[in-house]
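Have a look at the structure below before the remarks.
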Amino acid sequence: MYKKDLQLEREWQALLHQLSGILNKRPGNLEAVLFLVGVNELGQGARTFTKEEKQDLIHIAICKVLSYSGFYQLEGLDESGWPHWKLLKELPPFDLLEQEKLLKMHLLEYFQHQYGISQHGQQL
């Protein structure tokens, strides 16, 4: 594993630790963190979501965090208040590990921008 990968993993684990303190439960995986971001971006609070809505929330989160690299742009909200995103440029053909790294990097950035959680898991 490269030094950069180790640093990313340390920062990711620190974020999970920080989130567990806020949620009183540790998010289990990348998908769980994406779900949290999707719920946050939807802005309708915590409630019970259908399986399809959960998939849509993860998609919203992916679009939001990949917007930091210019892959997506928010088009607006539909009549139910759900955000819709426009693909601006195709994602490179990453393997699964590279996709995961890109998402983790941008999720760290998201929490830093939204909540002042530094990339070392500390509140600013």
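The values are calculated or read from the model by the stated rules, or taken from the named source; none is laboratory data. Just so it is clear, the structure is predicted and the values come from calculations on it, not from any experiment. Here the Cβ positions follow ideal geometry from the backbone for every residue, glycine too, while neighbour counts run over all protein chains shown.
Tell me, yes or no, whether the range 92-114 has at least one residue that is under 15 Å from Leu16 (Cβ atoms) and of a type in the set (Ser, Thr, Tyr).
Yes, the conditions are met somewhere in the range 92-114.
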Among the residues of the range 101-124, the number that are farther than 18 Å from Leu6 by Cα, among the hydrophobic types (A, V, I, L, M, F, W, C) and modelled with pLDDT of 95 or more is 0
Is the range 85-104 home to any residue that is farther than 23 Å from Ile117 by Cβ and of a type in the set (Phe, Trp, Tyr)?
yes
Per the list (1) modelled with pLDDT of 95 or more; (2) hydrophobic (A, V, I, L, M, F, W, C); (3) surrounded by fewer than 19 Cβ atoms within 10 Å (Cβ to Cβ), residue check on Leu23 breaks on (1)
Picking from Glu98, Glu75, the residue that is surrounded by fewer than 18 Cβ atoms within 10 Å (Cβ to Cβ) and either under 17 Å from Tyr110 (Cα atoms) or at pLDDT below 95 (or both) would be Glu98
